[in-house]
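The values are calculated or read from the model by the stated rules, or taken from the named source; none is laboratory data. Source: prediction; values computed, not measured. Quick reminder, even Gly has a Cβ in these numbers, built from the backbone with ideal geometry, and neighbours come from all protein chains shown.
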Amino acid sequence: MKLVQTLVVRDEADIVDVQIRYHLNAGVDFVVATDHQSVDGTTEILESYARDGVLRRISVTDAVMQDGPWRTRMARLAATEHGADWVLNTDADEFWMPRGGTLKDVLGSVPDSHGVVFALSRHFVPRPDDERSFAERMTVRVAPPAAIHDPTSPYRPHLKAAHRGDPAITISFGSHTVASPRWRQVEPSPHEQLDRYFPTPLFMQTASDDATVSPFAARGLHRALVPRYAAAPDRLRYLEHPGEGHMMSAAAWQRTWGETLAWFERFLRVPPA
């Protein structure tokens, strides 16, 4: 198996060397890195690995970060030019840690019928700088009693994707989702089984100006479900917050939670004994 790591960096000299060394020791064979206008020594660190023959540096000078397209390009290059069987998509502050063995051991155990696996991020609390490395200082992991859904929180967990090498792969912003026209779905998508929704109460909320997760798909799903909920239209609702982007304002989040709790109160209330 050949395992290729992709990496997007900008001014990450304080951590990128350790990140790359760790993954090469954990089973990665080669790294493809996109360097976005680094000026702090990151470029020189990447070039040192390139001279060793284990990294390919791609320099980009775009004024605006093009995260998804950059990650997609690297993942496709990993498959077409570097012979990747599996690809890890990473940021400089992320470390893929197998529960046992190497990363290759874990990915090698994935059934042939599956093309992608997801890892859940675990965040460690930043500590003041001293003479020690970050790995010796940041030893306390955040473990909240309930999930953190606030997208502005630095401790919000999220999924990161690893996938089989694929020249047609598309990677989303942050590599939280991936897709390929070459994949066959193990089960039909819920969007293809619309008759299974009714009479379940369904409430969808989106932000009208979200450029990261477009509301287009949710709008379309709602329109397709409207006729199927004709017998009980009050059990289907779609709310789009006008003028809000992916990082919604505090006021919009308050509205979101207020609407959600009201929906739960209405449809999830436990009847008295």
- Message: Out of everything in the stretch 119-139 that is part of a loop (DSSP other than H, G, I, E, B) and of a type in the set (Gly, Ala, Ser), what residue ends up being farthest from Asp93 (Cα to Cα)?
- Response: Ser133
- Item | Selection from the stretch 94-104 of residues that are modelled with pLDDT of 90 or more and either of a type in the set (D, E, K, R) or touching an Asp or Glu at 6+ places or on another chain (Cβ under 9 Å) (or both) | Glu94, Lys104
- Message: Looking only at the stretch 106-115, count every residue that is closer than 19 Å to Asp29 by Cα and surrounded by fewer than 14 Cβ atoms within 10 Å (Cβ to Cβ) and tell me the total.
- Response: 1
- Considering only residues that are among the aliphatic types (A, V, I, L, M) and part of a strand (DSSP E or B), look in the stretch 5-56 and name the one that is surrounded by the fewest Cβ atoms within 10 Å (Cβ to Cβ). Leu55
- Message: Just the residues that are in a loop (DSSP other than H, G, I, E, B), surrounded by fewer than 20 Cβ atoms within 10 Å (Cβ to Cβ) and not charged (D, E, K, R), please, taken from the stretch 57-95.
- Response: Thr61, Ala63, Val64, Met65, Gln66, His82, Gly83, Phe95
- Sort out which residues of the stretch 140-182 are small (Gly, Ala, Ser) and part of a loop (DSSP other than H, G, I, E, B), and write them in order of number. Ala143, Ala146, Ala147, Ser153, Gly165, Ala168, Ser172, Ser180
- Failed item, numbered, when Gly101 is tested on (1) over 23 Å from the mean Cα position of the chain (by Cα); (2) not in a loop (DSSP other than H, G, I, E, B): (2)
- Query: Residue check, Phe198 against (1) over 30 Å from Ala231 (Cα atoms); (2) over 21 Å from the mean Cα position of the chain (by Cα); (3) surrounded by 11 or more Cβ atoms within 10 Å (Cβ to Cβ), all met but one. Which one?
  - Reply: (1)
- Item | Filter pass, Asp67 being of a type in the set (Asp, Glu) and farther than 17 Å from Leu3 by Cα | yes
- Output the residues belonging to the stretch 178-217 that are at pLDDT 90 or above and of a type in the set (Gly, Ala, Ser). Ala207, Ser208
